[in-house]
Every structure is written in structure tokens, then in C-alpha cells.
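First comes the structure, then the notes that go with it.
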């Protein structure tokens, strides 16, 4: 896998996260190419990761074993113009653009591509992302895509593409929910008399520790919540208020709205 020639169309944050993950995994810089219109961004990516860069999409995809479509959904049609015939017939095409189905992407590419659709999330930037993949392509292309995504976190497969909307609502948008909670906790700490720096450190380290407990303990969230909640104590008082104010129902409604919006964007 480390000998695969991987080309990126678009050199934004998620593309950089994947490139950084590939380099950490030992993938040769010479086997990675990025097509990016911004000159300064090209210089930054080449200087930091040693990868090849170009302003031309067609030049990037020629002879590539894997083509990663890392542009915004509304930019995809323009980005793909004039390059479908330059993509090798056996190349794996990975899309991280939200909302664009495999069928839509295949239509844009002339109907012949081996496409894997992926919903990543931003913790990929620190090697802690989670990605969900869907494809009708064969095992070779699925293995290639999984190699790419596990370079910056964990990866899971869906059997039904329609479930991507729920994935988008849960893990795709999910980091923002935790950032909001941490933001509110930090501000509340300041309001209660802590310094901004201390409140920020306490809130962010608490989020990190709680996340590690969830992943590393193997125990469900409700069990861990109960473990740290002493009857009649401070945690119980806080949680009782959250339940009274409808926090669980608000979160459920928020994910439902996000899922619905994903469906609207895909239509």
C-alpha cells in the first residue's frame, strides 16, 4: 500500500490531515501529489510534507492509483471537468465531499470510476479522526480507501449509503457539539471566578480525559456517567438540572435536524 500513487484534488485542511497521516505511516512523499489552486498553499504543503504539488488537476490524476476528491460539494463539478479521461481505469476514487452520492459522482466522472464515499471528521487533523465509508467497488478499492482513512484515525463501513445522513449528523458534525459544550463549560468556569486560562485548560483536559475513558474502558457512556455520579453530590445536582432543562431531548432534536439537512443537501 505504501507504494500507491495517491493524488489529491484540493489541498484544504482535511486533505492535509490525510497527507500528514500518510507520511506518519511511512508513505513516500514522492508518491503523493496535490492539485491546489493557491500558490501559497502549494508551497506550504510541499515545504512541510515534501509532497509534489501542481495547480493542474489533470496533471495530478494522471497515472495515480488513488484520486482523493477533497473539494467542497459545490466545487466538485468544476474540479472534475476535463479530468475523467485522465484517471486510470483501475484507479480508486475517494470522495470526502458531504452529500454527493456515489451515483452523482459516477455521473460526473463518466460512469466508469471505482468510487468510495467517505464521511471523515476534523479530529483527523490530530490523528484521532473517525471515518465512515461506503462503496459498491470491489475489495481492492475498499482496501485502498481504508488504508488512506486509517492513516489518521479509525474507519467503519456502511452497507447502506442512505445511512450516511445519520453519520453526518453524529460524527461528521459531532466535534462541534463537544466544542460547544467545552466552550460553555469554560465560560461558566470564568463566571464562577476562575481565570480564563485555567478554565480553558480544565474544560479541554476534562473533555480529553472523558473521551479516552469512553474509548479505552470499553464501557458504555451511561455506565461511566453513573460511575462518576455520587447520589446527592455535586455531579448529581448538575445532571438533574440538565435533565430538567431538557438537554438530552435538545441533543436528539439537534442530530435529527442535522440529518434532515444532510438529506436536503443531497437532493
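The values are calculated or read from the model by the stated rules, or taken from the named source; none is laboratory data. Computed from a predicted model, the values in this text were never measured in an experiment. Glycine also receives a Cβ, built like all others from the backbone with ideal geometry; neighbour counts cover every protein chain displayed.
Determine whether residue 149 is under 17 Å from residue 25 (Cβ atoms) and either touching a helix residue (DSSP H, G or I) at 6+ places or on another chain (Cβ under 8 Å) or touching a residue at least 24 places away in the same chain (Cβ under 8 Å) (or both).
Values: under 17 Å from residue 25 (Cβ atoms): yes; either touching a helix residue (DSSP H, G or I) at 6+ places or on another chain (Cβ under 8 Å) or touching a residue at least 24 places away in the same chain (Cβ under 8 Å) (or both): yes.
So residue 149 fits the description; yes.
Kindly list the number of the only condition in (1) surrounded by fewer than 12 Cβ atoms within 10 Å (Cβ to Cβ); (2) modelled with pLDDT of 95 or more; (3) over 17 Å from residue 251 (Cβ atoms) that fails for residue 161.
Residue 161 satisfies all of (1) surrounded by fewer than 12 Cβ atoms within 10 Å (Cβ to Cβ); (2) modelled with pLDDT of 95 or more; (3) over 17 Å from residue 251 (Cβ atoms) except (1).
Can you name every residue in region 229-244 that is surrounded by 12 or more Cβ atoms within 10 Å (Cβ to Cβ) and assigned to a loop (DSSP other than H, G, I, E, B)?
Correct list: 229 only.
If residue 30 satisfies every condition in (1) over 22 Å from residue 139 (Cα atoms); (2) in contact (Cβ under 8 Å) with a residue 24 or more places away in the chain; (3) part of a helix (DSSP H, G or I); (4) out of contact with any strand residue (DSSP E or B) (no Cβ under 6 Å at 6 or more places or on another chain) but one, which is the exception?
It is condition (2) that residue 30 fails.
For region 110-144, how many residues meet the condition of being in contact with a helix residue (DSSP H, G or I) (Cβ under 9 Å, 6 or more places away or on another chain) and surrounded by 20 or more Cβ atoms within 10 Å (Cβ to Cβ)?
Of the residues in region 110-144, 17 are in contact with a helix residue (DSSP H, G or I) (Cβ under 9 Å, 6 or more places away or on another chain) and surrounded by 20 or more Cβ atoms within 10 Å (Cβ to Cβ).
So which residues in region 174-204 are surrounded by 13 or more Cβ atoms within 10 Å (Cβ to Cβ) and in a loop (DSSP other than H, G, I, E, B)?
194
Of the conditions (1) closer than 21 Å to residue 123 by Cβ; (2) in contact (Cβ under 8 Å) with a residue 12 or more places away in the chain, residue 36 fails just one. Which one is it?
Of everything listed in (1) closer than 21 Å to residue 123 by Cβ; (2) in contact (Cβ under 8 Å) with a residue 12 or more places away in the chain, residue 36 misses just condition (1).
Is there a residue in region 5-19 that is over 18 Å from the mean Cα position of the chain (by Cα), farther than 20 Å from residue 116 by Cα and outside any helix (DSSP H, G or I)?
So far as region 5-19 goes, no, none of its residues is over 18 Å from the mean Cα position of the chain (by Cα), farther than 20 Å from residue 116 by Cα and outside any helix (DSSP H, G or I).
Which residue is nearest to the chain's Cα centre (by Cα), if the candidates are limited to region 245-267 and must be in a helix (DSSP H, G or I) and more than 27 Å from residue 101 (Cβ to Cβ)?
251
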